[in-house]
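Chemist: I have a structure I would like to understand better, so I am pasting it below and will then ask my questions one at a time.
Coordinate-derived values only; no laboratory data. The structure presented is a predicted model; accordingly, all values stated were derived computationally and were not measured. Here the Cβ positions follow ideal geometry from the backbone for every residue, glycine too, while neighbour counts run over all protein chains shown.
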Amino acid sequence: MVPKKTKKHTRQPTIIIFPYLFIAKETCFDKVVIKPSDKNLIDKEVQMIKQQLFKIASFFRINGRAVNQWSYCVTYLSDKKSWDTLKSSLNKFATIIRYSQLSDPNNNARFSNFDYFIFPVSKSNLDIASNIKHYEGILNGEYPVIFRTMKDSIKNPFSFYYNISPLTVGNLDDNKYLQNFYSNHLKEKEAKRLLKAMEWFNRSFATTYELDYADAVVHLVTAFEALFKVEDERNNKAQVKSGLIQFLGESPELTDWANKFYKLRNDIVHGDTELSPFWFRHSRGTKGHRHHLLLARKIFSRCLEAFLNLRASSLTYDIHEELISNEIRFKEAKKILVANAKSKLQFAFRSISEIKHDDFSMTKKQTEELGKLFLPYLLEDLRNENRQNAIAALDGILNWSGSDYDELALLYEKGIDEYDIFYFDDTVAVPNGQSQFLRDAGYNFLRFAMDRLLTFRE
């Protein structure tokens, strides 16, 4: 809704609320001041604004209860130009802060945490004599939502059909993305392109609660194309692949992932009855080990960081490693260990030390097999150091036979306890390079094996 044309110099009070976002400190962007719902700050507002703030906040629910922490802005609008300027400023801020939180899984943020509502305060809203009042909140500056009040009751409070928790963010002065976009570091056209890419990235989270992975995939492909400024739609995949290599470096796995991700997207948009798998499978593997959405989000975030010089380009090794499955690491290590290829043992130990605990592509049977092949090398090292308790624990694993993997997992747990005493012993002589790789591999594999053998997934 656009404010009605008003008389010259008339300024309509307008309240913006982020009902599911609580910022720790007042901040200013594009001349818009956003504040936390701190009593000391609210008390400084004029009485009319203060009353309306509390009423508007009461419209929103979390798990059936009114929100008690939120963020807000107060401004005055005089014409369509001021309305458009406000929307543009709010959308820019919401896109950046939403991206900064969603791109880090540790934040446990949801898309809806950053929704905002614009409430132009009308004369009817301020009429004390009226028992029935109507408020119109414009969701994200686009979608009108009508709220009705009768005396002190809210007839239609706003809530989500899924559970959502209020999100608290720290000092926004330290937010690296806000710093980049509000420091005039970027050219205007460049900033608009990156913001558009971030918007599409954010939208991939808006659908996950409906379990619509297909929409999320399409949104992420669009995000990549905006990021890399794809102009020739006939060759968009090649341009995206070129951008990935430029920012992350080249590897067969990265190229393979990009090809498979685009094939999945094309299957979706062209209505293929049988979609490509949503799990990325290594070209030499038989099982998928990483969900395409998780990989795409991580890869996009890393590319954007590189573009904004927020992360050194050399720190991209982990991306390529994540594209290699535990199944492939098992096959590579097994080949070397079976042959006892002493010149390549360090490579095998390194592969084992890089096994990921959230990747189930290595089966329980393969985990048992790798233990039989690898643990003798750990035993040799322990015998050289005369670590009898750890030797006994690993012998117990190697001597096990049966079909109950829970039993074997318990033996691995005992092995972890004894091996840790050795691994963290400061009195042990500093090992050479290969021994350190061996010990690191042992520390990682023992833990992985216990966890893998206890999981229900085969």
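Chemist: Using alpha carbons only, how many degrees (0 to 90, rounded to 10) separate the axis of helix 236-248 from the longest principal axis of the chain?
Modeler: With both axes taken from Cα atoms, the answer is about 70 degrees.
Chemist: Per-residue HN-Hα couplings for the stretch 148-159, Karplus 6.51 cos²θ - 1.76 cosθ + 1.60 at θ = phi - 60°, whole Hz, x for Gly and Pro?
Modeler: Each residue of the stretch 148-159 in turn: 10, 10, 10, 6, 9, 9, 9, 6, 9, x, 8, 8 Hz.
Chemist: Aspartates and glutamates near K364 by alpha-carbon distance under 14 Å, same-chain residues fewer than 8 away left out - which ones?
Modeler: Hits, sequence-local ones excluded: E327, D404, D406, E407, D451, E458.
Chemist: While we're looking at this one, here's another question. Quick one: length gained pulling E380 to R457 fully straight, 0.36 nm per residue minus the C-alpha distance?
Modeler: Details: separation 77, 0.36 × 77 = 27.72 nm, distance 3.25 nm.
My answer for the length gained is 24.5 nm.
Chemist: Another question, then. Mind sorting R297, R61 by how few other Cβ atoms lie within 10 Å of their own Cβ, fewest first?
Modeler: The most exposed by this proxy come first: R61, R297.
Chemist: I've got another one for you. For the stretch 336-342, in order, what is each residue's ³J(HN,Hα) by Karplus, 6.51 cos²θ - 1.76 cosθ + 1.60 with θ = phi - 60°, in whole Hz (x at glycine and Pro)?
Modeler: Using θ = phi - 60°, the values come out as 6, 5, 4, 7, 6, 6, 4 Hz.
Chemist: Which ³J(HN,Hα) values, rounded to whole Hz and listed in residue order, are derived for the stretch 274-285 from phi using the Karplus coefficients 6.51, -1.76 and 1.60 in 6.51 cos²θ - 1.76 cosθ + 1.60 with θ = phi - 60°, glycine and proline given as x?
Modeler: For the stretch 274-285, the Karplus-derived couplings read 10, 6, 4, x, 7, 9, 6, 10, 4, 4, 9, x Hz, x marking Gly and Pro.
Chemist: Next question, about the same structure. Considering amide H positions built from the backbone, and no H for Pro or chain starts, which residues 5 or more places from W279, or on another chain, come under 5 Å of its amide H?
Modeler: H292
Chemist: If amide hydrogens are placed 1.01 Å from N in the peptide plane, which non-local residues have theirs closer than 5 Å to the one on F60?
Modeler: Placed amide hydrogens put V67, F158 under 5 Å from F60.
Chemist: Between helix 213-227 and the chain, what is the angle of the helix's C-alpha long axis to the longest principal axis, kept within 0 to 90° and rounded to the nearest 10?
Modeler: Computed tilt is about 80 degrees.
Chemist: Right, here's the next one. Using only Cα atoms and rounding to the nearest 10 degrees, what angle (0 to 90) does helix 433-454 make with the longest principal axis of the chain?
Modeler: 70
Chemist: Can you pull out the chymotrypsin sites (Phe, Trp or Tyr not before Pro) in the stretch 98-188 whose DSSP state is coil and whose Cβ has at most 10 other Cβ atoms within 10 Å? If you can, show how the numbers build up before the last one.
Modeler: Details: sites: Y99, F111, F114, Y116, F117, Y135, F147, F158, F160, Y161, Y162, Y177, F181, Y182; in loops: Y116, F160, Y161, Y162, Y182.
When the chymotrypsin sites (Phe, Trp or Tyr not before Pro) of the stretch 98-188 are filtered for loop state and at most 10 Cβ neighbours within 10 Å, Y161, Y162 remain.
Chemist: Same structure again: Anything over 27 Å Cα to Cα? Flag those among K260/K356; K92/K260; K31/K187; K50/K192, in the order listed.
Modeler: Values: K260/K356 22 Å; K92/K260 32 Å; K31/K187 19 Å; K50/K192 35 Å.
Correct reply: K92/K260; K50/K192.
Chemist: A further question on this structure: Toward the positive end of the charge dipole of the stretch 315-458, about the Cα centre and with charges on Cβ (Lys, Arg +1; Asp, Glu -1), which of L408, A449, I328 goes farthest?
Modeler: Of the options given, the answer is I328.
Chemist: Here's something else I'd like to know. Out of the DSSP beta bridges found with both residues in the chain, what percent are antiparallel (nearest 5)?
Modeler: Details: 33 of 37 bridges.
Among the beta bridges of the chain, antiparallel pairing accounts for roughly 90 percent.
Chemist: Quick one: which residues, 5 or more positions from L77 or on another chain, have an amide H under 5 Å from its amide H? H modelled 1.01 Å from N in the peptide plane, none for Pro or chain starts.
Modeler: Residues meeting the criterion, in which the H sits 1.01 Å from N, are Q12, T14.
Chemist: Beyond 29 Å between alpha-carbons counts as too far, so tell me which of K44/K133; K176/K241; K133/K196; K263/K344 fall in that bin.
Modeler: Too far apart for the 29 Å limit: K133/K196; K263/K344.
Chemist: Tell me which GluC sites (Glu not before Pro) from the stretch 254-346 have a DSSP coil assignment and no more than 13 other beta carbons within 10 Å of their own.
Modeler: On the way: sites: E274, E305, E321, E322, E327, E332; in loops: E274.
Within the stretch 254-346, the qualifying GluC sites (Glu not before Pro) (loop, at most 13 other Cβ atoms within 10 Å) are E274.
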